[in-house]
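Engineer: Here it is, the structure in full.
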Amino acid sequence: MLDLAIYPFSFFVGFATASVFWWLVTRARPLWDEMRAGLKEQREVTHTRKTSSVEENHRRITLRRAQGMHLAAPLFALDEILLEPRLIAPPHIVVPGEPPYFEDVISLTLPYLPAWPEIAAAYQAPTLTLAQALSGNTNIVVIGQPGVGKTVSLAHLASLAANRSEKMGRLQNVVPFLVHVADLKLPFVDSKNALTPLIEATAEFASMFDVGRLPVFFETTFNNGDALLLVDGYDELTPDSQQIVTEYLKIIIKNYPKIHIITTGAPEYMDGLIGLGFAPLALITWSDGQNKQFVERWGELWTKTITMEAWAQAGPEQVDPILLNIWLSADNENLSPLEMTLKAWGGYAGDSMGPHVLDSIATHIRRIAPSNTPIAALETLAMQVLLSAQPVFDPRKARAWLKSFEVNEGISESEEETTELAIGQIEPKKKKKNEKRVKTPTTGLLGRMAASGLLISYPNNKMRFAHPVFAGYLAGHALSEFKGEEILLSQSDWAGKYLAMHYFAARGDASKLVNSLLEFSRMPMHRPLFTAARWLRDAPKNAPWRGKLFSTLATILQTDGIPISLRGQAMAAFVVSNDPSAAALFRQFETTLSFELIHLAVLGTGAIRDAKAVEVVEHVMAAPSLSVRRAACMALVAIGTNTALEAVAHTLLHGDEDIRRAAGEALANDTAEGHAMLKDGITLSDILLRRAVVYGIGRIHEEWAVEALQKIQIEDDQWLVRNAATEVLDSLAHAEARAPQKLKAPSDSPWLIEFASKQGVGIPPGAAATDLLLLALKSDDPDLRLAALPYLKFTPNEGVITQIYGAMYRDDPELREAAYNTLWEIGASGVKLPHPSQYGFG
């Protein structure tokens, strides 16, 4: 009985104890939650403090590096001498159901020529800053010829991001990671540790206190999507090496899809990047006005800083900067920013070897080469770099190439250990197991070249020339002595090969090279032809191959029924050649009956500023084709003589509505008389005149122009003029709308879903919907046809290419140009495009 009495009592005691315990736990839960939150917050604060410290140090180091990543770094910081890099605004992508984007007359009249930005510069085509280009949430490949300023553009963007500049817009707080492909240990296939090559590259510049904290900093920044990865040097690589970099970028994009990436490329070769979703944007060259602005800025900085140096004061008396600037501002047609920089440097330093741009390059190579180094040594090194197709080379092998020029300086046997190989038989270095990260040796002739700035050294036995133009110039000269055409032609296509060909043609007889390239040149791109056309500017005027090349270009320019963007490249080639015969050819074509040919010839006349053609172009203003009349207005303003400007002013006053607007926008390109005419036009009573003036002022990127538009928007008594001002101001406020946009997946695209429903089909998530897109390309709706093309470039199989060819040969000018641009991107990504005749076209 006693035992039976104990158990109920124990039960009630236990029950009461448990109830009290859980009541206390329930009451204390907010306190526990608060304690956990406090500990978590404390850990986050500690982590943020550590990360912030690493981030600020990283930003400071990146800024310092970026400010030195330009040709004149020994003299000035980048921001001191910089003209802001800008990208040619690409054609707007059509999205069915959305209102059309505002287009100015310049965009409507100029063909899109990303491989020939000189034409866009001549007519001041619409452009984007790099920050604006990123606002479309897609990765960018900045394209352009060597020397146009791709490295400077990345360095400038890195500087803005490092400083958290307001110019970055919504990306103001991104963290820049600036690397050259030579900094990265590739190939790298460990997707779980994808950031390792970037961390190791950054660690070379980080302080010893931050090195251990870099992995956490990188992982946090990339996971949050706050990273801006800037990869320089991709355009300098061979196709095989580009593929290695592309595979690595693919891993990065897969693991960290929210980050932004910008790299560099050539207009003809972007192997693999298009398929990863990169949008190619061309860097615009400097206009004549920008060349003058740069020379003036160089003179100011030189006078304030360099002339104060003891060595400068001990030298010869300085020439009056005003006179020097007048001389330097002449004969700068179609020079790249690199060439303009070298010309200004040679003029102010007084060490220029001659007036030609090739003399400026030779002067700078001599300037930065180690003293008493024979030019044969430099040419031998460059030639071997080219023939081995190793733009980033191993200095241990390079010592074998330069052995006959090397002076014994007590170099250890381990440093000299290498294998001498015959020209063109250089094998890639085999990677040793457990290889340690080794600093590049800096002894001997190569070490002196690196110290002088001609070469740049990297860890793990890597070196490269400071600029591919210097390597190409030296290699081209060397090969002209060795008759190396066969070796050049046998290589795969890459920038170093064609740079060497360019400078080979400037010195030797390139007939064999030209004949071979023309043999392989074909529709739809004619890439070999336009590659050779780049050589015309620097080649001797009596070179035997010039006539054949000009004849082929003229044939393409005159061929009706092919894209204006293709024919426009032939026009641009004549312009950039600086050949006197181009002016007469354009004047001849302006008297033909083909409006497309007249259109292109008039643009060519304006680009070369042919004053003798003013009367002919004035006559063209009466043509029934609006595109021809617009081109005539633009060309006359570009020519800039009083007679030419008076003709445009007369059109502004007395023309019809469309041509008045063209005249107003064209006058915006003339900063003196043109701007004065537009200011006067605001005050006149003619409504159509004031409306045209509004569109012209909208193209002037100055504070007074915006203020004038704002005043017109409110105060003008005519709604037609006020509406024009509102339209222009809205386009200025949304300039980033021209940036390339990341395409929605087909299954998420409203217009494609609607089209699919009309066809009675669905779009599964993740499907490419190629068949549906091909149906849209064949549709009678022009917007559907244009909208399908940007998707189809990601599935470039034979069936797709056939249908794009069909679109290119339809009687629809807008579709024809869009199809051609799509084919250009497909071809540049590495796909071999067959001749259209294979599918019954052309």
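Engineer: Taking a probe of 1.4 angstrom, what is the accessible area of residue 837 in Å², to the nearest 10?
Structural biologist: 70 Å²
Engineer: Suppose each label sits 7 Å from its Cα in the direction of the beta carbon; what would the residue 811-residue 720 distance come out to in nanometres?
Structural biologist: Reported label-point gap for residue 811 and residue 720 is 3.4 nm.
Engineer: Once amide H atoms are built 1.01 Å from N in the peptide plane, which residues 5 or more positions from residue 353, or in another chain, come under 5 Å H to H?
Structural biologist: 363
Engineer: May I ask you to evaluate 6.51 cos²θ - 1.76 cosθ + 1.60, the Karplus curve with θ = phi - 60°, for each residue of the range 254-270 and list the ³J(HN,Hα) values in order in whole Hz, giving x for glycine and proline?
Structural biologist: Result, rounded to whole Hz: 5, 7, 9, x, 8, 7, 10, 10, 10, 10, 10, x, 9, x, 8, 9, 9.
Engineer: Rounded, prolate or oblate, given the Cα gyration tensor of the range 611-678, with a/c below 1.5 counting as rounded?
Structural biologist: Oblate is the answer for the range 611-678, as a/c is 1.5 or above yet b/c matches or exceeds a/b.
Engineer: Along Cα→Cβ, 7 Å out, is where each label goes; now give me the distance between the ones at residue 522 and residue 164 in nm to one decimal.
Structural biologist: Label-label distance for residue 522 and residue 164, simple model: 5.7 nm.
Engineer: Turning to a different aspect of this structure: Which one, 231, 284, 218, projects farthest toward the positive side of the charge dipole computed for the range 167-307 from Cβ point charges (K/R +1, D/E -1)?
Structural biologist: It is 218.
Engineer: Work out Dmax and Rg for the range 652-763 from the C-alpha atoms and quote the Rg first, both in angstrom.
Structural biologist: Every Cα atom of the range 652-763 included, Rg and Dmax give 19.5, 60 Å.
Engineer: Could you tell me what percent of the accessible area of the chain is made up of carbon and sulfur, with a 1.4 Å probe and every protein chain present?
Structural biologist: 55 percent
Engineer: Run the dipole for the range 791-842 about the Cα centre, Lys and Arg Cβ at +1, Asp and Glu Cβ at -1, nothing else charged, and hand back the magnitude in debye, nearest 20.
Structural biologist: 180 debye
Engineer: Quick check: from the Cα gyration tensor, does the range 483-559 come out rounded (a/c under 1.5), prolate or oblate?
Structural biologist: Here the range 483-559 falls in the oblate category.
Engineer: Given +1 on the Cβ of Lys and Arg, -1 on the Cβ of Asp and Glu, and no further charges, what dipole in debye does the chain carry about its Cα centre, rounded to the nearest 20?
Structural biologist: So the magnitude is around 2340 debye.
Engineer: Here's something else I'd like to know. Taking H as built 1.01 Å from N, whose amide H comes closer than 5 Å to the amide H of residue 232, not counting residues under 5 places away?
Structural biologist: 179, 180, 181
Engineer: When the chain is fully extended, how far beyond the present Cα-Cα distance does residue 349 get from residue 192, taking 0.36 nm per residue of separation?
Structural biologist: Difference between extended and current length: 51.3 nm.
Engineer: Cα centroid distance between the range 161-217 and the range 540-564, in Å?
Structural biologist: First find each Cα centre; the distance between them is then 47 Å.
Engineer: In addition: Would the range 104-189 count as rounded, prolate or oblate if I go by the C-alpha gyration tensor, calling it rounded below 1.5 in a/c and otherwise prolate when a/b exceeds b/c, oblate otherwise?
Structural biologist: In terms of gyration-tensor shape, oblate.
Engineer: What does the extension gain come out to for residue 704 and residue 643, with contour length at 0.36 nm per residue minus their alpha carbon separation?
Structural biologist: Going from the current span to full extension adds 19.2 nm.
Engineer: If you compute volume of the Cα convex hull per residue in Å³ for the structure shown, which of [x] 253; [y] 149; [z] 196 do you land on?
Structural biologist: Comparing each candidate, only [x] matches the computed number.
Engineer: Can I ask one more? What does the extension gain come out to for residue 671 and residue 77, with contour length at 0.36 nm per residue minus their alpha carbon separation?
Structural biologist: 211.0 nm
Engineer: Taking amide H positions as placed in the peptide plane 1.01 Å from N, state which residues far from residue 279 in sequence (5 or more) or on other chains have amide H under 5 Å from it.
Structural biologist: So residue 279 has HN proximity to 139, 140, 141.
Engineer: Mind checking the per residue accessible area of the range 503-648 for me, 1.4 Å probe, whole number of Å²?
Structural biologist: Result: 36 Å² per residue.
Engineer: Let me ask you something else. Once you keep just the Cα pairs under 8 angstrom separated by 6 or more residues, what percentage relative contact order results for the chain?
Structural biologist: 13 percent
Engineer: Distance between Cα centroids, the range 252-278 to the range 447-496: provide it in whole Å.
Structural biologist: Result: 26 Å between the Cα centres.
Engineer: Roll a 1.4 Å probe over the protein chains and send me the accessible area per residue for the range 268-405 in Å².
Structural biologist: Here the residues of the range 268-405 average 42 Å² of exposed surface.
Engineer: Count the net charge of all other residues whose Cβ sits under 10 Å from the Cβ of residue 174, scoring Lys and Arg as +1 and Asp and Glu as -1.
Structural biologist: Spelling it out: positives minus negatives among the neighbours equals +1.
Engineer: Report the antiparallel proportion of the DSSP beta bridges in the chain as a percent, rounded to a multiple of 5.
Structural biologist: Of the beta bridges lying entirely in the chain, close to 30 percent run antiparallel.
Engineer: A follow-up question, please. In deg cm²/dmol and to the nearest 500, what is the mean residue ellipticity at 222 nm of the chain if only DSSP H runs of at least 4 residues count, each as -39500 (n - 2.57), divided by the residue total?
Structural biologist: Mean residue ellipticity, 222 nm, calculated: -17500 deg cm²/dmol.
Engineer: I've got another one for you. With +1 on each Lys and Arg Cβ and -1 on each Asp and Glu Cβ, how big is the dipole of the range 696-785 about its Cα centre, in debye rounded to the nearest 20?
Structural biologist: With only Lys, Arg, Asp and Glu charged at Cβ, the dipole is about 500 debye.
Engineer: Residue-wise, which Karplus ³J(HN,Hα) couplings in Hz belong to the range 602-619, taking 6.51 cos²θ - 1.76 cosθ + 1.60, θ = phi - 60°, and x for glycine or proline?
Structural biologist: The phi angles translate into 5, 4, x, 4, x, 5, 9, 6, 7, 5, 5, 9, 4, 5, 5, 5, 4, 4 Hz.
Engineer: Okay, moving on. Using the structure shown, select from 254/744; 150/832; 744/832; 258/744; 167/304 the pairs with a Cα to Cα distance greater than 21 angstrom.
Structural biologist: Where the Cα-Cα span goes over 21 Å, the pairs concerned are 150/832; 744/832; 167/304.
Engineer: I've got another one for you. Measuring from centroid to centroid over Cα atoms, what is the spacing of the range 333-387 and the range 55-129 in Å?
Structural biologist: 27 Å
Engineer: Another question, then. Only sites in a loop by DSSP and with at most 15 other Cβ atoms within 10 Å count here; which trypsin sites (Lys or Arg not before Pro) in the range 788-834 make the cut?
Structural biologist: 810, 832
Engineer: Mind listing the phi-derived Karplus ³J(HN,Hα) values for the range 77-92, rounded to whole Hz, using 6.51, -1.76 and 1.60 with θ = phi - 60°, and x for any glycine or proline?
Structural biologist: 6, 4, 5, 6, 10, 5, 9, 3, x, 9, 10, 5, 5, x, x, 6
Engineer: Note down the net charge around residue 608, summing +1 for each Lys or Arg and -1 for each Asp or Glu among other residues with Cβ under 15 Å from its Cβ.
Structural biologist: -3
Engineer: Sticking with this one: Assuming R0 = 30 Å, can you tell me the calculated FRET efficiency for the pair residue 490 and residue 838, based on Cβ-Cβ distance, to the nearest 0.05?
Structural biologist: The formula returns an efficiency of 0.70 here.
Engineer: Over the range 686-745, what is the relative contact order in whole percent, taking alpha-carbon pairs under 8 Å and six or more residues apart?
Structural biologist: 34 percent
Engineer: With a probe of 1.4 Å, find how much accessible area the range 665-709 has per residue, and write the answer as a whole number in Å².
Structural biologist: I get 43 Å² per residue for the range 665-709.
The values are calculated or read from the model by the stated rules, or taken from the named source; none is laboratory data. Being a predicted model, the structure only gives us computed values, none of them experimental. Cβ sites come from the backbone with ideal geometry, for glycine too, and all protein chains shown count toward neighbours. Accessible surface areas use protein heavy atoms only, side chains included; no ligands, DNA or RNA. Shrake-Rupley method; radii C 1.70, N 1.55, O 1.52, S 1.80 Å.
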